[in-house]
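Shown next, in structure tokens, is the structure this report addresses.
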Amino acid sequence: MSGRYLVTGGAGFVGSHLVAALLDRGDKCVVLDNYSTGHRGGVLPDAHAIELDLVDVAALDRVLADGPWDAVFHFAALSLVGESMREPMRYLGDNYGNGVRLVDACVRHGVNRFVLSSTAALFGRPTTPRLDEESPIEPVSPYGESKWLIERALAWADRIHGLRYATLRYFNAAGSDPAGRLGEAHNPETHLIPLVIDTALARRPELVVFGNDYDTPDGTCIRDYVHVADLADAHLLALTQLDRGSVAYNLGNGGGASVMEVIRSVERVSGLQVPYRITGRRAGDPAILVADPGRIVRETGWSPRFAALDDIVRTAFAWRSAHPFGYDNSDTKPASPA
Ligand code: UFG
């Protein structure tokens, strides 16, 4: 039986791919986005898009009153760790403040299932090789803190109002829609895989590698890259768990790739060379960030379709090489040279 879902931030990178997964299985989707970082072109035509900022509670109330909703998926948020270190109150205000307004509105309108786009950044500096859901939560950035605060707010909404929620802590989201409809386009782009691809395509002169003196085999940082379509699948599976209670899942492949391994992967997939230069460390980067996804695998049978780095990079390369300006020329310019 098909459902009807509200997706905040459904014009953004992960949100747009979740919308695609919902539409592909025959569900109805209403997207709320203020387009501050999302793209109008990222909303597939079968979704109903409403331009709305979550600070506008009256507008949010009008949308939620037009139910019933099978669930609300909440993606709308700022998501750059480095930026949050420069603008902490903006991150806490947007991510936590707007999140609480949304949770409150859901409670008032009788929505009882909620899925939160959360982050590995709430774990801070890992003390174990792989992070599971019991790993200590100690955010070291306002971004991580803002997501942890909204997770806590959801725990209270569950305890007091019975709102069931899933919080999904993504590691490094990457790749693009296997059908080629959607991809990754930030402005400015700061994420490793799109930047390496742009360098391979000679849109940037070189990739700047932030440090090669970490305690890792090749000295560069290791991250757990997880395909955005696999993340979308995980959201749908997490939803099926809410009948038995609220859940938290760490979402990664359980293996890591270093910055140098990402460069080599892009070179293999594209057949092109990636010039690079080593520079100093970027503030706030942990050496290694890898998930233990055991819980979601055990409880839902989640089985990533794009677990291999080259497969993730292949889809990212296909979209990025076909869309040099992102979704369109007006809201995404090509990255400026490094
Ligand atoms: N890196 C470079 N050069 C670049 C860009 C990145 O060497 O030009 C390195 C970074 O130092 C890091 C790795 O590539 O070691 C990945 O960096 P990203 O900026 O792509 O991603 P982050 O790991 O910093 O952060 C991402 C999301 C966050 C999320 C986090 C969780 O942006 O929202 O993953 O793992 F919280």
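Any read-out appearing in this document is the output of simple, stated calculations on the displayed coordinates, not a laboratory observation. Computed from a predicted structure; not experimentally measured. With ideal geometry, Cβ positions are generated from the backbone for all residues, glycine too; neighbour counts draw on all protein chains shown.
Structure notes:
- Diffusion coefficient, µm² s⁻¹, Stokes-Einstein with Kirkwood Rh over alpha-carbon pairs of region 4-330 at 10 °C and 1.306 mPa s: 80
- Close amide H contacts of Leu207 (hydrogens built in the peptide plane, cut-off under 5 Å, sequence separation of 5 or more or a different chain): Tyr276, Arg277.
- Karplus (6.51, -1.76, 1.60) ³J(HN,Hα), θ = phi - 60°, over region 130-136, in Hz, Gly and Pro reported as x: 10, 9, 9, 6, 8, 4, x
- Between Asn172, Asn253, Asn212, the GNM of the chain built on Cα springs shorter than 10 angstrom shows Asn212 fluctuating the most.
- On Cα atoms only, tilt of 142-161 relative to the major axis of the chain in degrees: 20
- The charge dipole of region 147-274, taken about its Cα centre with unit charges on the Cβ of Lys, Arg, Asp and Glu (plus for the first two, minus for the last two), comes to roughly 440 debye.
- Packing, taken as the mean count of other beta carbons within 10 Å per residue, orders the peptides 218-224, 55-61 from highest to lowest as 218-224, 55-61.
- Residues considered: Asn187, Asn250, Asn98. Largest GNM mean-square fluctuation over the chain, using C-alpha springs under 10 Å, is found at Asn187.
- For the chain, modelled as a GNM whose springs connect Cα atoms under 10 angstrom apart, the maximal fluctuation among Val111, Val226, Val196 occurs at Val111.
- Distance (nanometres) between label positions extended 7 Å along Cα→Cβ at Thr190 and Arg298: 3.5
- Nearest-20 debye value, region 4-330 charge dipole, Cβ charges on Lys, Arg, Asp, Glu: 80
- Relative to the longest principal axis of the Cα atoms of the chain, helix 228-240 runs at roughly 30 degrees.
- Calculated [222 nm] ellipticity per residue, helices only, for the chain: -10500 deg cm²/dmol; basis is -39500 (n - 2.57) per DSSP H run with n ≥ 4, divided by all residues, nearest 500.
- Distant-in-sequence amide H partners of Val115 (H built 1.01 Å from N, under 5 Å): Val72, Phe73, His74, Ala166
- With 0.36 nm allotted per residue and the present C-alpha distance subtracted, the Val208-Glu267 stretch has 19.7 nm of extension available.
- The angle between the Cα long axis of helix 309-322 and the longest principal axis of the Cα atoms of the chain comes to about 90 degrees, rounded to the nearest 10.
- Gained length - Ile278 relative to Val57, 0.36 nm times residue gap less alpha-carbon distance: 74.9 nm
- Beta bridges per DSSP with both ends in region 4-330, % antiparallel, nearest 5: 5
- Qualifying trypsin sites (Lys or Arg not before Pro) in region 9-46, DSSP loop, other Cβ atoms within 10 Å at most 15: Arg25
- Estimated inter-spin distance, Arg125 and Asp46, nm [label 7 Å along Cα→Cβ]: 4.8
- Nonlocal amide H pairs with Ala49, under 5 Å, H built at 1.01 Å: Val31
- Rounded to whole numbers, the Karplus 3J(HN,Hα) couplings from phi for region 279-294 are 10, x, 5, 8, 4, x, 7, x, 4, 9, 9, 10, 8, 9, x, x Hz, using 6.51 cos²θ - 1.76 cosθ + 1.60 with θ = phi - 60°, and x at Gly and Pro.
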